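**Q** This is the structure I have questions about; it appears just below.
No lab work stands behind these numbers, since they all come straight from the coordinates. Everything quoted here is computed from the prediction, not taken from an experiment. Cβ coordinates were reconstructed from backbone atoms using ideal geometry, including for glycine residues, and neighbour counts include every protein chain displayed.
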Amino acid sequence: MSNVLYELALTIFGFTPWVSLLILLLLLLRKSRISLSAQFYRAAWWILTLRCAIPFPLRLSRFTPTLTVQLPVLSASPPSAADLHTVAQNSIIAEIAANPGEASAGLQRFGIPILPNHALLSLAEITGVLMVLWLAGTLLVLCLRFGSYGFFMYQLRKTRAAIISPALLAVRDEVFGKPLPLYSCPSFRSPSLAGFFRKAIYLPSDDIPEQQLCLILQHENCHARRHDLALKLLLVFSTAFCWFNPLIWRMAKAADEDIECACDEVMLHGKSLAFCQEYGRVLLNTLKAGQLPHGLSTSFAGDARQLHHRFEAMYSGLPKKQAKPLLALFCASVMASSLFFACTPANQSSSLADALAPASAGAERATGDSSGSNVAAPSADWAVPLPDYKPELLVVKNNGLEFYSAASEAGVVATAAGTVAKVVSGDAVYGNYLIIDHGSGITSFYAFCDTIQVAEGRSVSQGSVLGSVMGAKGKNAMLYFELRQDGNAVDTSATLGLIGIDSSEASDTQALVYPVASSGAKGMSRGFTGADAHAGLDLRGQTGTPIFAAAGGTVSVAKTGTTGYGNFVKVDHGNGVATLYAQCDILTVKEGDTVQAGQQIATLGSSGNSTGLHLHFELLQNDQPIDPEPFLQPVE
């Protein structure tokens, strides 16, 4: 469904410029001295209304559309952690800017891992916002128009009275040739044809002379035969889909006038001057004080402005040109514009690594393992943003990289030459961060800095010192780094030619058992937001709920205390991997014990620096916390 809405919105945004131009040309023609028939304009409005009311894209497979718009990728599959990050980030970034402390606390409560979207204002984000606004406006217009029509028909049924005069019914049968319902409605100021599925004629009174009634019914019969109510319905959808375009609303008003004028032309074609005068008198005689019929019905007399326009057209004395060749040219223009000026999403398959790497590097790119991950060969064009980093601790996270230094403080350098586009200090989620614009839509993001030594607008060269990062309590310093092209995150590890621990795609051997059986996504009260902010997951439970080992290993630590982690257990799983279980109540294992995956090691409580009943669970790689959630087996 989302893909269909995006396609509709793109199509409407794509045809709006040339549709507006054609509407403007028709409106200028109506005001010019060129005397074209109302039937020409009615047919032209039909063509444009069909294009606007049925906004499905038209394509020629041999040609490429000339207008492209880049959109966020939509997928019918369940959202990944990266997808959830993008959706959550787009919806709350304004809230974070307005109230950093409160917004950050809310994010942490829900356990949503937010990574920086460092594009200043990407085309994809703009298009997404426009799509939401367009859909909201469309639904609002449709609700108002059809809601008012439903109320109009409800009132009409309450006030109408069936006409039973044999003389008037005989006139009706003579004109229509079928028993079309005929009602009187004293609140109306003009005869009207209404009803899409069951048409009926409504008269201001039931004492209209037979001769006048004959002309009125002939006029309304002309509307019925020419399906003018269908055109009015399509105009409603046109104004709803293109509500943001004022020319569409002007088109709907002009089309209403030309529908009535076209019927007048049919009625008066080939008739004598005396007949035309009688027809004009009937128009005036039927007009009386009262409400106008709804826009989704016809009006024999209409309002004063419309009536003035009709009389001017009927008695201008100028010959009306059908202009069929011009109408055919107009139809061909609409069709050609629909085919060749369509709007389609841009191809997003090209990678940043392909765009930036030297031409000779293309043949040097290596393909990864059988899992299908592609890793770029190292490129001399890009510098590592944290030169003093430990390769064994490198973490790939949502197309970005977490660099951990070999010391508790390290310098951050520019990965390529560019201009500092943005510097932010004290952000609730990203800490101190900066954005560098490298041109051609390419930007780099450096988050969780301790100090920033450059200002916005400053030009930097590759390797220039930007600032520093610092670890907490003697731990290794961490920098989050990400590259984007046109606002869309790309595979940073492939671009830099680096391989790290992938925290978003755990293999079967990496899968961990949930340490609290009743937990899972619904049982999480706080998620992983980084080693400095919150280094693990908080999982809910009741006092005494069993806590299980997430994987097999050896208990390296089993301590009790009243501060920090409180009562906690640490299990060593080998290869630098360990898990930590904190804020426990009772420990059921001791240091040196060997445990299996799923074996109870403690019970849940609220010891140490705890704000309530929960288990604080951490996953460590070489003593550095990483997000454990992607590695946990789903809870059935």
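**Q** Ranked highest first by average number of other Cβ atoms within 10 Å, how do 539-545, 190-196 line up?
**A** Working: 539-545: 16.6, 190-196: 21.4.
Packing order, densest peptide first, comes out as 190-196, 539-545.
**Q** Would you mind getting me the FRET efficiency between Arg157 and Ala224? Use the beta-carbon distance for r and R0 = 25 Å, nearest 0.05.
**A** Details: r = 20 Å, r/R0 = 0.80.
FRET efficiency, Arg157 to Ala224: 0.80.
**Q** Tally Lys and Arg at +1 and Asp and Glu at -1 over the other residues with C-beta under 10 Å from the C-beta of Arg30: what net charge comes out?
**A** On the way: positive: Lys31; negative: Glu257, Asp258.
With Lys, Arg at +1 and Asp, Glu at -1, the neighbours total -1.
**Q** Rank-order 22-32, 604-614 by packing density, defined as the average count of other C-beta atoms within 10 Å over each peptide's residues, highest first. Walk me through the intermediate numbers first.
**A** Values: 22-32: 14.5, 604-614: 17.1.
For the peptides 22-32, 604-614, the packing ranking is 604-614, 22-32.
**Q** Residue separation times 0.36 nm, minus the C-alpha to C-alpha distance between Lys559 and Gln596: what's the value?
**A** Values: separation 37, 0.36 × 37 = 13.32 nm, distance 1.96 nm.
Gain on stretching Lys559 to Gln596: 11.4 nm.
**Q** Then there is this: If I stretch the segment between Ile586 and Ser35 completely, what's the gain in nm (0.36 nm per residue apart, minus their alpha carbon distance), one decimal? Write down the numbers at each step before the final one.
**A** Details: separation 551, 0.36 × 551 = 198.36 nm, distance 9.43 nm.
Gain on stretching Ile586 to Ser35: 188.9 nm.
**Q** Take the cross-link list Lys397/Lys422; Lys31/Lys158; Lys31/Lys271; Lys397/Lys570; Lys31/Lys199 and give me the ones stretching past 30 Å between alpha-carbons.
**A** Working: Lys397/Lys422 23 Å; Lys31/Lys158 42 Å; Lys31/Lys271 26 Å; Lys397/Lys570 25 Å; Lys31/Lys199 34 Å.
With Cα atoms farther than 30 Å apart: Lys31/Lys158; Lys31/Lys199.
**Q** Quick one: grab the alpha carbon gyration tensor of region 2-53, order the square roots of its eigenvalues as a ≥ b ≥ c, and give me rounded if a/c is under 1.5, else prolate or oblate depending on whether a/b is larger than b/c. Present the calculation step by step, with values, prior to reporting the outcome.
**A** Details: a/c = 6.54, a/b = 2.46, b/c = 2.66.
Oblate is the answer for region 2-53, as a/c is 1.5 or above yet b/c matches or exceeds a/b.
**Q** Hey, got the dipole for region 507-631? About the Cα centre, +1 on K and R Cβ, -1 on D and E Cβ, debye to the nearest 20?
**A** Details: 6 positive and 11 negative charges, 67 e Å.
Dipole magnitude for region 507-631 comes out near 320 debye.
**Q** Let me ask you something else. Under 1.5 on a/c is rounded, so check that first for region 507-631, then, if it is not, pick prolate when a/b is larger than b/c and oblate when it is not; a ≥ b ≥ c are the square roots of the alpha carbon gyration tensor eigenvalues.
**A** Working: a/c = 1.28, a/b = 1.09, b/c = 1.17.
Verdict is rounded for region 507-631.
**Q** Taking other Cβ within 10 Å of each residue's Cβ, how do Asp593, Asp173 sort, fewest first?
**A** On the way: Asp593 17, Asp173 14.
Placing the least packed residue first, the sequence is Asp173, Asp593.
**Q** Going by how many other Cβ atoms sit within 10 Å of their own, how do Met251, Met335 line up, fewest first? If you can, show how the numbers build up before the last one.
**A** Values: Met251 27, Met335 13.
Listed from fewest to most nearby Cβ atoms, that is Met335, Met251.
**Q** Quick one: length gained pulling Thr451 to Asp427 fully straight, 0.36 nm per residue minus the C-alpha distance?
**A** Details: separation 24, 0.36 × 24 = 8.64 nm, distance 1.31 nm.
Separation in residues times 0.36 nm, less the Cα-Cα distance, equals 7.3 nm.
**Q** If Lys and Arg each add +1 and Asp and Glu each add -1, what is the summed charge of the other residues whose beta carbon sits under 10 Å from the beta carbon of Ser468? Mind showing how you got there, number by number?
**A** On the way: positive: none; negative: Glu409, Asp450.
Net charge in that neighbourhood comes out at -2.
**Q** What ranking do Ile34, Ile201 get, fewest neighbouring Cβ atoms within 10 angstrom at the top? Could the numbers behind the result be given before it?
**A** Working: Ile34 12, Ile201 26.
So the ranking, lowest neighbour count to highest, is Ile34, Ile201.
**Q** Follow-up. Once the Cα gyration tensor of region 557-636 is found, what semi-axes does its equivalent ellipsoid get, as square roots of 5 times the eigenvalues, in whole Å, sorted largest first?
**A** 19, 15, 14
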